[in-house]
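A short write-up of the structure that comes next.
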Number of protein chains: 2
Amino acid sequence: MSFLTLALDLMGGDHGPSETVPAAVQALSLLPHLKLILVGDLTSIYPLLQQNGLLGHSRVDTVHASQIISMSEQPAFALRHLKDSSMRVALELVQQGKADACVSAGNTGALMAIAKHVLKTLPGVERPALMTCVPTSTGGRSVFLDLGANVNCSPENLRQFAMLGSVVAHCVLGIENPAVALLNVGAEANKGNEQVRCASELISATPGLNYRGFIEGDALFQGVADVIVCDGFVGNIALKTAEGMVRLLSQASHQQMDGMSGWLQSFLTRFFKRRLSHLNPDQYNGASLLGLRGIVIKSHGRAERHAFSNAILQATVEVQHQLPARIAERFEAEPINRR
Amino acid sequence: MSFLTLALDLMGGDHGPSETVPAAVQALSLLPHLKLILVGDLTSIYPLLQQNGLLGHSRVDTVHASQIISMSEQPAFALRHLKDSSMRVALELVQQGKADACVSAGNTGALMAIAKHVLKTLPGVERPALMTCVPTSTGGRSVFLDLGANVNCSPENLRQFAMLGSVVAHCVLGIENPAVALLNVGAEANKGNEQVRCASELISATPGLNYRGFIEGDALFQGVADVIVCDGFVGNIALKTAEGMVRLLSQASHQQMDGMSGWLQSFLTRFFKRRLSHLNPDQYNGASLLGLRGIVIKSHGRAERHAFSNAILQATVEVQHQLPARIAERFEAEPINRR
C-alpha cells in the first residue's frame, strides 16, 4: 500500500487540540493508508495525545512548535515574527517534501500569507484563492471561490480564479468542460462594478474556459454553473450569510415544535438533521487554498472533530488527484494578462 | 378619515400588470384610507383594470404613461430617453405632491437614477440607499442596507447609510438607540479592506450612532445589531444568497418527502410553508430607497401579487412615520465628511 502523509496544525481554530486531536484519531481509523505528522506545542498537548493513543502510533509522527497564531493575529505580524508557530511548521513540512499536504483550522489571513511565503505560488498564478464546493439543488456540487483569501482583487485575479476553479471541477468533481460564472448583482452584461465587468471580458477571451456570464446570489446553489467566481470579500460574506440562514431556519424549526407531541418532535428533529446535513458547513468543511506549490486545506475556524476530520479527507482527495500538478499544467501555456 | 395616496408603477417587475393590478385590488380592500394613482400604458391594460373593478373606483385614479423601462435597460438611457415611462411618471407624482409615495417593481438601477434625478436627495445625503428589514432568530428585525443601489461606495457613503438605517430602526421599528454594525469578513478591527476599515473609523466618530463594530455574514440574522451596513454590491449578493439558500432548503424538503405517507407529506408541507414564511422574500418584500425628498419603495422584481401588496403596505407605514422628514432632522446638524 502506498501511504500519503499529511501535516496537521493541531493548535488552530476556535477549539484547538480538543477537537483536532480526536479528528486525527477518526481520520486514521477511516483511512488505513494515511500517515499524520501532528504539529503543535507538545509540552501542553502531550497528555491529550497520550489519552488518544497517538503517541507511539505506527502512522503518527509529532513535531514540536512553540508558538500559536491566535485567530485575531495580524497576518503580517504572524508572517514576520511567529516563525515557530504550529501553522508555519506544518507548512514547512510540505515545502520540504516531508508531507503531501497541510491542514489547519487557524487564522485564514495568516495561513494565506505564510502559505504563500513558504510554498510560493505556481508559475502564472498571482494569488492563491480559497475555494470550497457548495451543494446544489440538482444534487451536485459547484466550486465556489474566492472565499476570503483576497479581499481586494483585480479582474486578472478573478480570471485566474476561474481557471483554478475549472481545474478543480474537472479533476476533482469529474466535470467535462465545466461551466464558469461570475457572481454579480444582476445577470445582464451592463450590471455590476468595473471590476466584474472587466473580469467578464477577460474570462470570455480566455481559451478553454466555458464562460456563461454573470449569475446572482440566488443562483449560487442552483447548479447553473460548475464554477462560481467572486472576490474574497464578497465570497466570504455570501457563504457565511448562507450559513447564517441555515442556522436561522434550524432555530426556527425548534421553536415551532413547542407544544407538539414527543414522538412528532423527535421525528421532526431527525428529519431536519438529515435534511440540513448536506447544507451544513460541517459536512462540506474544508476550503482549499488553490494555486500554491503544495496542498493546503483550511478548515472552518469553528470546526469540531467531525468537520476537521472531513477537511483531512479532502486533503487526501487532492493529494490523490495531484491537484497542484494539474493546475501547473493548465497555467503553463497561459500568459498573465497585464492590462 | 385622512387619506394617503400612493402612485403605483404598474408596468415594472418580471410579471408587470398581471400581478401589480391584483395587488392594487388587495391593498385597497385591506386599507380603507388608501388612495391609489395607477400609472401605466392604459391602452394595453384597460381591460385588466376593468376586469378588476378599478375603473371608476372611488379611491383610484389612473395616469397614462406610454413607455416601459425593461428590466435590462441601462439606467442612464432610461433617465435620458424614457421620460414618459410609468416609473418616471409615478415618481413625478410624488415630486409634484400629488402622491405621498411611489411603489415600483421595476429595474432597480433605473429607479435609483430617476428617483434621485426627479426627487433629489435630502440635504447632507450624498446617495440614496436601498434598505430592507430582515428577520432575526430573536424574533425581531434588523435594518439591512445598501442592497444594490450603490455598487461602489466611499467610506462616507457607508457612514451616511448607518445614519439612514438608524433613523429607520428608531422611527419605524421603535428601537431606542439602535445598535449599528458593519458587515465584514471578520469581526476583528484589522479585518477587511480599506473601505470598511475607514468607514468603521468614521462611524465610530459620529455622535449619536451606537456603533458596535464589524459583524460577519453568519451574524446577519442573529439580531446582534439593529442596523447592518455594507455597500450595494455586497448587500445585494448577501441577501440574494440567503434567498437562494431558503429555496434550496425548501426544494430539499420536498425531495426527501418522496415515499412518505400522504398525510405526513401534507403535514410537513404545511409545516415548512409556515416555518419558511417569515423568511421568504415575499413576506418581507419591499425595499425602501432612503435619503430622498420623498418615499420610494422598490418591490422585488419577481414579486407576485401578495408580495407587491406587502410593498404597498410598507409604503403606507413610511408615509405615516413621515420618514423623509425624520431623516432630514437627523442629517440637519451633520456635516458631510469630505476626507
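Bear in mind these aren't lab numbers, they're just calculated from the coordinates by the rules spelled out. Worth saying up front: this structure is predicted, and the values here are computed from it rather than measured. Cβ placement follows ideal geometry from the backbone for every residue including glycine, while neighbour counts extend to all protein chains displayed.
Just a few scattered comments:
- Here's the list of lysines a cross-link from residue B:240 could span, going by alpha-carbon distance under 18 Å and ignoring same-chain residues fewer than 8 apart: A:191, A:240, B:298.
- Sorting A:204-214, B:50-60, A:83-93 by average packing, meaning the other beta carbons within 10 Å per residue, from highest down gives A:83-93, A:204-214, B:50-60.
- Within 10 Å of each Cβ in A:320-327, the average number of Cβ atoms from other chains: 0
- Among A:302, A:293, A:247, the residue with the largest mean-square fluctuation in a Gaussian network model of chain A, with springs joining Cα atoms closer than 10 Å, is A:247.
- Measuring between their Cα centroids, segment A:282-313 and segment A:96-155 lie 10 Å from each other.
- Multiplying the residue separation of residue A:187 and residue A:3 by 0.36 nm and removing their Cα-Cα distance gives an extension gain of 61.6 nm.
- Label spacing, shortest first and in nm, from residue A:43 to its equivalents in the remaining copies (7 angstrom along Cα→Cβ): 8.7
- Expected 222 nm ellipticity per residue - DSSP helices of 4 or more, -39500 (n - 2.57), all of chain A, to 500: -14000 deg cm²/dmol
- 20 Å cut-off, amide nitrogen to a point 7 angstrom out along residue A:320 Cα→Cβ, residues in segment A:145-186: A:167-176
- Shielding score for B:142-150, defined as the mean number of other chain Cβ atoms within 10 Å: 1
- Förster radius 45 Å - calculated FRET efficiency between residue B:30 and residue B:80 (Cβ-Cβ, nearest 0.05): 0.75
- Rounded if a/c under 1.5, otherwise prolate or oblate - chain B, Cα gyration tensor axes: oblate
- Virtual spin-label span in nm between residue B:152 and residue B:43, 7 Å along Cα→Cβ: 4.0
- Fluctuation leader among B:32, B:128, B:324 - chain B, Gaussian network, Cα springs under 10 angstrom: B:32
- Residue A:210 long-range amide H proximity, modeled H, under 5 Å: A:180
- In this simple spin-label model, placing a label point 7 Å from the Cα along the Cα-to-Cβ direction at both residue B:55 and residue A:18 gives a separation of 7.3 nm.
- Radius 13 Å from Cβ of residue B:6, net charge of other residues (Lys, Arg +1; Asp, Glu -1): -1
- Inter-copy spacing of residue A:302 label points, which lie 7 Å from Cα along Cα→Cβ, given in nm from shortest upward: 2.5
- Directionally averaged projected area (convex hull, Cα atoms, the protein assembly as shown), nm²: 33.1
- Per residue of peptide A:182-194, the mean number of Cβ atoms on other chains within 10 Å of the residue Cβ is 5.
- Efficiency of FRET between residue B:126 and residue A:72 - r from beta-carbon atoms, R0 35 angstrom, step 0.05: 0.60
- Candidates B:327, B:69, B:175: whichever shows maximal mean-square fluctuation once chain B is modelled as a Gaussian network with Cα springs under 10 Å: B:175
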